[in-house]
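*Asks:* Before we start, here is the structure in question, set down as structure tokens.
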Amino acid sequence: MKTKRYNAVITGLGMYVPEKILDNAFFERIVDTTDEWIRTRTGIRERRILEKGATSDLAAKAAEDLLKTKNMSPDDIEVIIVATVTPDMFFPATACLVQNTIGAKNAWGFDLSAACSGFLFAYQTACSLVESGTYKNVMVIGADKMSSIVDYTDRNNCILFGDAAAAILIERTEDNLYGHRGSLLKIDGSGHDALYMKGGGSLNPPSHETVDKKMHYLYQDGKAVFKVAVRGMADISYEIMKKNNLTPDDIAYLVPHQANMRIIDATAERMGLSKDKVMINIDKYGNTTAATIPLCLVEYHREGKVKKGDKIILAAFGAGYTWGASYLIWGM
Ligand code: COA
């Protein structure tokens, strides 16, 4: 069955990171840890923290950066998808708040919740909307204010996360040479209790008890997640390579979710890729959840390191569990 009328290609990029930096020395002062432990176990040196405002502010700034760079009117955006696990509030959707802030008066949109795989799932959804011919363009924003759900007394987790947003625009093209080629995406809810935020939803509505028990913070069994993340991300990245008959030489870049440098290294190793073919900025931003992959794309593109025709694999693993990989040929 042929469902693809057009090709979907990334034609716009934008990003926003807040100014305030938390370096590893900061964490040495507030919890029992060391710069050396954090660097060697995670690869992280710094993260950005939004002091004032919410996820929609991060997302709107990334969207505005994209529009400015592309010299595009907000009136021309048809769909906005915001991938996030830290929405400003349960409802309205962060996509509505962003739409209002940037004045995208002709757009519809929604939020997508898939934690660290959120951007990847939103990217595939956007490509499908464009490939079917239903929409000419979709803006996908990965945005998270992780500092709003991190317990800064929990040394296992507080060192890992930061705040950021990045946006891409996906447009239709009849040119078959560039653009999205396909994804492999998975969920496995049996991992729901290894990484979650238990309080605040319909299962545990907010109460004194949920606050006292710290249920409004992110909880992670790091060791358990690490094991499945290494296997999950490496296997699916290898699988998408094989499915598309790609050799390591064919691939210009792996763009992995930035959760832990050791997970990234294991994925690159499984794919047979040298380090210069892996986009990395975990050292500067830590794990920014839905923002990691687009943030890498924007930075590497702006540094002139990505060129038209480059074959790129995006890969992620996150809470749920959720994971996947996408293959695209760069068209900008
Ligand atoms: N500073 C110093 N020591 C710390 C520490 C910190 N910030 N955090 C944990 N430790 C300690 C642990 O308490 C443990 O001590 P113990 O052996 O006395 O119990 C020791 O370091 C080793 O802990 P462990 O959990 O085995 O460390 P690790 O090598 O697995 O690294 C993570 C911990 C969280 C960095 C790692 O497990 C990880 O990255 N997990 C997956 C994250 C992820 O991918 N999430 C999915 C997407 S969001």
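Bear in mind that the values in this text are calculations on the coordinates, not laboratory data. Just so it is clear, the model here is predicted, and its values are computed rather than measured. A quick note on method: Cβ atoms are made from the backbone with ideal geometry, for glycine too, and the neighbour counts reach across all protein chains shown.
*Asks:* Given the criteria surrounded by 24 or more Cβ atoms within 10 Å (Cβ to Cβ) and either of a type outside the set (A, V, I, L, M) or in contact with a Leu (Cβ under 9 Å, 6 or more places away or on another chain) (or both), does G324 qualify?
*Replies:* Yes.
*Asks:* Name the residue that is nearest to A315 (Cα to Cα), counting only residues in region 182-193 that are surrounded by fewer than 21 Cβ atoms within 10 Å (Cβ to Cβ) and within 16 Å of the ligand (Cβ to nearest atom).
*Replies:* L185
*Asks:* Right, next: Being touching a Lys or Arg at 6+ places or on another chain (Cβ under 7 Å) and not in a strand (DSSP E or B) is the filter here; which residues of region 161-177 pass it?
*Replies:* Selection gives G162 alone.
*Asks:* Looking only at region 103-112, decide whether some residue is among the small types (G, A, S), part of a strand (DSSP E or B) and under 21 Å from the mean Cα position of the chain (by Cα). Working first, answer last.
*Replies:* Residues of region 103-112 among the small types (G, A, S): 103-104, 107, 109.
Among the residues that remain, those that are also part of a strand (DSSP E or B) are: 109.
Next, only the ones that are under 21 Å from the mean Cα position of the chain (by Cα) stay: 109.
Yes, region 103-112 has at least one match.
Per-residue answers, yes or no, for (1) surrounded by 18 or more Cβ atoms within 10 Å (Cβ to Cβ); (2) within 12 Å of the ligand (Cβ to nearest atom); (3) among the charged types (D, E, K, R):
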{"position": "E171", "(1), (2), (3)": "yes, no, yes"}
{"position": "H180", "(1), (2), (3)": "yes, no, no"}
{"position": "L195", "(1), (2), (3)": "yes, yes, no"}
{"position": "T210", "(1), (2), (3)": "no, no, no"}
{"position": "M215", "(1), (2), (3)": "yes, no, no"}
{"position": "L218", "(1), (2), (3)": "yes, yes, no"}
{"position": "V225", "(1), (2), (3)": "yes, yes, no"}
{"position": "K243", "(1), (2), (3)": "no, no, yes"}
{"position": "I251", "(1), (2), (3)": "yes, no, no"}
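*Asks:* Taking region 56-97 as the region of interest, how many residues are of a type in the set (D, E) and either surrounded by 24 or more Cβ atoms within 10 Å (Cβ to Cβ) or touching a Ser or Thr at 6+ places or on another chain (Cβ under 7 Å) (or both)? Quick ask: steps written out before the conclusion?
*Replies:* Our first condition is that a residue be of a type in the set (D, E); within region 56-97, this holds for 57, 64-65, 75-76, 78, 88.
Going one step further and asking which of them are either surrounded by 24 or more Cβ atoms within 10 Å (Cβ to Cβ) or touching a Ser or Thr at 6+ places or on another chain (Cβ under 7 Å) (or both), we end up with 88.
Qualifying residue count, region 56-97: 1.
*Asks:* Name the helices (runs of 4 or more DSSP H) wholly inside region 195-313 in which the number of residues that are within 22 Å of the chain's Cα centre (by Cα) is 1 or more. Give the derivation first.
*Replies:* Working: elements: 208-212, 222-243, 261-271, 282-285, 292-302.
Those helices (runs of 4 or more DSSP H) span 222-243, 261-271, 282-285, 292-302.
*Asks:* Still on this structure: Give just the number: which of (1) away from the ligand (no atom under 16 Å from the Cβ); (2) of a type outside the set (A, V, I, L, M); (3) assigned to a loop (DSSP other than H, G, I, E, B) does T86 not satisfy?
*Replies:* (1)
*Asks:* Hey, does region 41-54 have a residue that's in contact (Cβ under 8 Å) with a residue 24 or more places away in the chain, part of a loop (DSSP other than H, G, I, E, B), over 30 Å from E171 (Cα atoms) and within 13 Å of the ligand (Cβ to nearest atom)?
*Replies:* yes
*Asks:* I'm told N24 meets every condition in (1) closer than 21 Å to M197 by Cβ; (2) within 16 Å of the ligand (Cβ to nearest atom); (3) touching a residue at least 40 places away in the same chain (Cβ under 8 Å); (4) out of contact with any Leu (no Cβ under 6 Å at 6 or more places or on another chain) except one. Can you identify the failing condition by its number?
*Replies:* Single failed check for N24: (1).
*Asks:* For region 27-37, how many residues are more than 6 Å from the ligand (Cβ to nearest atom) and either within 16 Å of N287 (Cβ to Cβ) or of a type in the set (V, I, T) (or both)? Don't jump to the end; show me each part of the working.
*Replies:* Step one: list which residues in region 27-37 are more than 6 Å from the ligand (Cβ to nearest atom), which gives 27-32, 34-36.
Checking which are either within 16 Å of N287 (Cβ to Cβ) or of a type in the set (V, I, T) (or both) leaves us with 27, 30-31, 34.
Number of matching residues: 4.
*Asks:* What about K70, is it more than 16 Å from the ligand (Cβ to nearest atom), out of contact with any helix residue (DSSP H, G or I) (no Cβ under 7 Å at 6 or more places or on another chain), over 25 Å from Y178 (Cβ atoms) and touching a residue at least 60 places away in the same chain (Cβ under 8 Å)?
*Replies:* Details: more than 16 Å from the ligand (Cβ to nearest atom): yes; out of contact with any helix residue (DSSP H, G or I) (no Cβ under 7 Å at 6 or more places or on another chain): yes; over 25 Å from Y178 (Cβ atoms): no; touching a residue at least 60 places away in the same chain (Cβ under 8 Å): yes.
Here the answer is no, as K70 does not meet what is asked.
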